[in-house]
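Visitor: If you scroll down you'll find the structure; I have some questions about it.
Where a number appears in this text, it was derived from the coordinates with a stated rule and is not lab data. Since the model is a prediction, treat every value here as computed from it, not as a measurement. Counting neighbours? That spans all protein chains shown, and the Cβs are built from the backbone with ideal geometry, glycine included.
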Amino acid sequence: MAAEQIEYFKAKYQAIEDLPGVGPATATKLREIGFKTVESIATAAVNELIAAGIGEATAEKVIDAARKSMAITFVRGDELVKLRSNVRYLSTGCSSLDRLLGGGVETQSITEFYGEFGTGKSQICQQLCVTVQLPYDQGGLEGAALYVDTENTFRPERIMQLAPRFGLDPEEALKKIIFAEAYTSNHQMVLLDNADEVIKDNNIRLIIIDSVTSHFRSEYIGREMLASRQQTLNKHLHKLIRLSRAFNAVAVITNQVMAQPDVFFAKVVTPVGGHILGHTSHSRIFLRKGRDNVRIAKLTVSPFLPEGEAPLRITQRGIESEEDV
Ligand code: GTP
Ligand code: MG
C-alpha cells in the first residue's frame with residue numbers, strides 16, 4: 001500500500017534534465033556553475049545562467065519552469081497580508097482542546113504536539129484527518145489530509161471508527177487521506193520536498209508528520225552530529241511551513257519527549273528537536289498522562305494565546321472532552 005501511494009510524491013521535475021529546455025549539454029553547464037537541483041535553479045537569476053553560456057531565452061524558460069514546478073513562489077508584503085487574512089482554524093473535534101487553541105489548529109503555521117509515548121499525539125493526528133474533511137461551518141476545512149507516518153502508527157481502522165461520530169461515511173473518509181510511510185529521515189524529507197503536487201491535486205488542507213523527529217533521533221547519534229541534525233531538521237520544517245502557507249493548510253508535527261530521570265523531584269522533559277524545533281513551530285502543545293484515559297494538554301508556546309491547560313480523554317470515540325459526550 002505504502003509503495004503505491006508514494007508514487008504520488010514523484011516531483012514534476014526530479015532532475016534538472018527534466019526541465020523543459022535542459023538537454024544534456026545545458027545540464028552539464030548548469031552543474032559546472034553549481035546549479036544541480038531544480039530548487040537552486042528556481043532561485044537563480046537569468047544572468048547567472050547566461051554566464052555559463054546558456055542563451056537568454058533558454059535561461060528564462062528554464063528558471064520559469066523550475067519555479068512553477070515548486071508551486072511556491074515569493075510573495076509581496078501586500079500578498080502576505082492577504083494570505084494572513086485567510087488563516088483558518090481546524091477543529092480538533094475536542095471542545096476543550098479547541099478552546100485552548102483559540103478555535104482549533106491554525107493554517108499557515110506549524111502546530112507541534114509533544115509528549116511521552118501513549119499521550120495521544122497520533123490519536124489527535126488521526127482525528128484531525130477526519131475533522132479536516134468537515135464543512136467550514138462544522139469546524140473543518142472541506143479538504144483532505146496528507147499523513148507522513150514514520151512510526152507505522154496510522155490505522156485506517158481507527159479512521160473508520162472515528163468517521164461516524166462526525167457524520168462521515170467511513171469509506172469516503174479514508175479516500176480523503178493520502179498516506180505515506182517514510183523509511184528514513186532522508187526519505188521523509190524527499191516526500192515533503194515533492195509533496196506540492198499531491199497537495200494541490202488532492203485539495204490537501206492538513207499535512208501531518210508523525211513523528212517528525214524519530215528518524216532523525218535514531219540516525220544522528222552523538223553530540224558531534226547534533227549540529228547537522230538540527231540544520232537538516234530546520235530545513236525540513238521550513239519546507240513544511242512554506243507548504244502550509246502556499247496551500248493555506250494546517251501543518252501538524254508530533255515529537256516524543258525524553259524524560260530526564262536524573263533531575264530530582266520535577267521530571268523534566270526535553271523535546272527531541274531541541275531549540276530549533278521550538279523556534280520553528282509556532283504553537284506547541286505538551287501532552288501528559290492523567291488518570292486512566294485522561295490526558296492533559298498544555299499550550300506552552302503560542303504566538304498570541306496565553307498559556308493554559310485542557311483536560312481531554314481518549315476513548316473509542318476518539319479524543320474528546322466531557323461536554324462532547
Ligand atoms: P507515541 O507515538 O508512542 O509517542 O505515543 P502517542 O502519543 O502517539 O500515543 P497514541 O496517540 O498512539 O495514543 C495511544 C493511546 O490511545 C493509548 O493509551 C491507547 O490506550 C489509547 N487508545 C487508542 N485507541 C483507543 C480506543 O479505541 N479506545 C480507548 N479508550 N483508547 C484508545
Ligand atoms: Mg504516536
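Visitor: For each pair in Lys175/Lys298; Lys36/Lys176; Lys200/Lys239; Lys36/Lys68; Lys68/Lys235; Lys121/Lys200, compute the distance between the two Cα atoms and list the pairs where it is over 24 Å.
Guide: Over 24 Å apart, Cα to Cα: Lys175/Lys298; Lys36/Lys176; Lys121/Lys200.
Visitor: State the extension gain, in nm to one decimal, for the chain segment bounded by Glu171 and Arg31, taking 0.36 nm per residue of separation less the distance between their alpha-carbons.
Guide: Fully extending the segment from Glu171 to Arg31 adds 45.7 nm.
Visitor: Counting pairs of alpha carbon atoms under 8 Å apart in space and at least six apart in sequence, what relative contact order in percent does region 169-260 give?
Guide: With pairs under 8 Å counted, the relative contact order is 38 percent.
Visitor: Here is a follow-up. Given 0.36 nm per residue, what is the gain on full extension from Asn86 to Asp292 after removing their alpha carbon distance, in nm?
Guide: 70.2 nm
Visitor: Here is a further query. What list of ³J(HN,Hα) values in whole Hz, one per residue of region 25-36 in order, does the Karplus curve 6.51 cos²θ - 1.76 cosθ + 1.60 (θ = phi - 60°) give from phi, with Gly and Pro shown as x?
Guide: 5, 5, 4, 4, 4, 4, 4, 4, 9, x, 9, 9
Visitor: Based on Cβ point charges of +1 for Lys and Arg and -1 for Asp and Glu, what charge dipole magnitude is obtained for region 166-257 about its Cα centre, in debye rounded to the nearest 20? Could the numbers behind the result be given before it?
Guide: Details: 11 positive and 11 negative charges, 95 e Å.
Dipole of region 166-257, to the nearest 20 debye: 460 debye.
Visitor: To continue, here is another question. Sort out for me the Cα centre separation of region 289-304 from region 166-210, rounded to whole Å.
Guide: 26 Å
Visitor: Of the peptides 287-295, 106-114, how do they stack up when ordered by the mean number of other Cβ atoms within 10 Å, highest first?
Guide: Taking the mean over residues of other Cβ atoms within 10 Å, the ranking is 106-114, 287-295.
Visitor: Per residue, what volume in Å³ does the Cα convex hull of region 132-210 take up?
Guide: Details: hull volume 6.4 nm³, N = 79.
Cα convex hull per residue, to the nearest whole number: 81 Å³.
Visitor: Show the residues, 5+ positions off or on another chain, whose built amide H is closer than 5 Å to the amide H of Ile178.
Guide: When sequence neighbours closer than 5 places are left aside, the close amide H contacts are Ala145, Leu146, Tyr147.
Visitor: Spin-label point model (7 Å from Cα, Cβ direction): what's the Leu226 to Glu56 distance in nm?
Guide: For Leu226 paired with Glu56, the spin-label model returns 5.3 nm.
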